[in-house]
1. Between rounded, prolate and oblate, where does the chain land on the alpha carbon gyration tensor, with a ≥ b ≥ c its root eigenvalues, rounded for a/c under 1.5, else prolate if a/b exceeds b/c?
2. Below 8 Å, C-alpha to C-alpha, sequence gap of six or more: please give me the relative contact order for segment 311-453 in percent.
3. Using the Karplus curve 6.51 cos²θ - 1.76 cosθ + 1.60 with θ = phi - 60°, what ³J(HN,Hα) values do you get for each residue of segment 165-173, in whole Hz, with x for Gly and Pro?
4. Aspartates and glutamates near Lys49 by alpha-carbon distance under 19 Å, same-chain residues fewer than 8 away left out - which ones?
5. What FRET efficiency comes out for Glu431 versus Ala368 if R0 is 35 angstrom and r is the Cβ-Cβ distance? Round to the nearest 0.05.
6. Whole-Hz Karplus ³J(HN,Hα) for segment 127-136, in order, using 6.51 cos²θ - 1.76 cosθ + 1.60 and θ = phi - 60°, x for Gly and Pro?
7. Measure out, as a whole number of angstrom, how far apart the alpha-carbon centroids of segment 458-504 and segment 19-81 sit.
8. For the chain, what is the calculated [θ] at 222 nm in deg cm²/dmol (nearest 500), taking -39500 (n - 2.57) for each run of four or more DSSP H residues and dividing by its residue count?
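No value in this document is a laboratory result; all are computed from the given coordinates. Keep in mind that this is a model prediction, so the values were computed, not measured. Please note: Cβ atoms are built from the backbone with ideal geometry, for glycine as well, and neighbour counts cover all protein chains shown.
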Amino acid sequence: MATHARWSQDSLDDLGRQLSDVTFCVVDLETTGGSPAKGSRITEIGAVKVRGGEVVGEFQTLVNPDEQIPAFITVLTGITDAMVVAAPRIAEVLPSFLEFARGTVLVAHNAPFDIGFLKHGARELEIPWPKFEVLDTVVLARRVLLKDEVRNVKLSTLAAHVGATTTPNHRALADARATVDVLHHLIGRLGTFGVHSLEETREFTSTVTAAQRRKRHLADTLPHTPGVYLFRDRRDEVLYVGTSGDVRTRVRSYFTRAETRTRMGEMVGLAERVEAVSCATRLEAQVRELRLIARHRPPYNRRSKFPERTTWLRLTVEPWPRLSIVTAVAPDALHVGPFRGRADAVAALDALHEVFRIRQCTQRLGRAPRSSPCVLAAMGRCLSPCDQAVTADRYAEEVGRLRAALESDPHAVVEVLGRRMTALAGQERYEEAAVVRDRLDSLVRGVTRTQRLLELTREPEIVAASRVDQGWEMHVVRHGRLAAAGVLPHGRPYAPWLAQLLATAETVEPGAGPAPACSVEEVETVRRWLTSPGVRLVAGTWRSGFPGAARHVR
């Protein structure tokens, strides 16, 4: 019969500080960007002090960052330059917050972000940072909640899962209040593991168990080479696939304090052996990892277990073309994608329909249709071929503009939606502006991804090399798929070695359109290596033939 790991102590002296007796200060920040090291500043601090499940105090203030708040931050948080112009600066706010939090355990959702900003501010002001103990609800949620309970550990997801009384809205105090409800739920769940004190909680979330350490011998026979490693259970099923430049060293880290991911601790507990696949280069190891994940679909890999499930936008081939969302690429049509999911594809589709007046109906139309126009025609958002209100040439012209945006540069969409987003933000209709922003972002990223895929999938063969200590890493890429890899040693004749590598390379047939002859993730991994510093093109004519949608990506 399975039992939980035993976390309770044997004597009253060892129980530590009971969680019900600890005063927590749950803090959340809003900022002008993602990193204080890159100049981002705090714009709002919100904090809630709780003890024994009861709120004992709240702290909230806007902060003047002494710089303009980026427009996308204003859209996200609703905090404008006008709101912070009269607010106190961080030099006034930080000492007050530290006094409010004195003697508490700091809690934050993704604590490195919030605590990092606070520590940075203290260093700039030369204020000694108190030795706060810190609890991260992201880490706690990953350890406490079952893997099938929530799809992710974002604050909005957890708040909805626990029924928080406050909905997170990217304002500091509201998000801190929501985090309080999440914290209390997680503390309640800790009791089922026999965890009741702060000391037990810290141990529960950060240490490696004795059972994990006892399995250190599983790494003893693994090679010190680049490669892929597979953790297998007692039934020889693959639990997890990983890659490293030094397989043995990496696998040994799963049995030490260097490994703090709780899911990995659970996985190691089930593992009975580790298998290694040596590879000639790091790129080969990364590609083999992707292929093995796709083949075995291991339960502890967070990457997509179903890489074959993709979502694309297709411009249909018919007398009156339209856009549709599809899961497979046809060889005779224009496609954009793949998108991260159907929601992103729908957002990109909506962005295009705001600019191009092609039909949105799904019925097939002959060359001379005779149907009643829909409401979109009355609103001027469709050229209405169904009732012959538009000529075939005029409709083809509109489709041509759409095709240009998808095949080369979505500048026309960026211009129209950019103006609309700015106008909405100027009217303080920030939620509507955010919807437009997200639609535009989905489209631009989708077109960019398509263009980057086509750069490689249309090339029959590329040979590239990068210098390493042992010689030259050489890779053969055919239609985006890694076909061969090897290391040419220093001093060895180049031509015969390369001829042998090409002779043993995998034969690859091209995929349809931008769809690669492998997974999209493999093409993107290969492309990252090709564009990394020091890589030289040995054979082939790889180049970008697009104006580049990537210039529009923020």
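1. Taking the square roots of the gyration eigenvalues as a ≥ b ≥ c, the chain is oblate.
2. It comes to 26 percent, rounded to a whole number.
3. 6, 10, 8, x, 9, 6, 10, 4, 5
4. The reachable aspartates and glutamates, counting only those whose Cα sits under 19 Å from Lys49, are Asp21, Asp28, Glu30, Glu58, Glu99, Asp114, Glu133, Asp136, Asp175, Asp181.
5. Once rounded, the FRET efficiency stands at 0.20.
6. 9, x, 7, x, 7, 5, 7, 10, 10, 9
7. Spelled out, the Cα-based centre of one part sits 52 Å from the other.
8. Rounded to the nearest 500, the figure is -12000 deg cm²/dmol.
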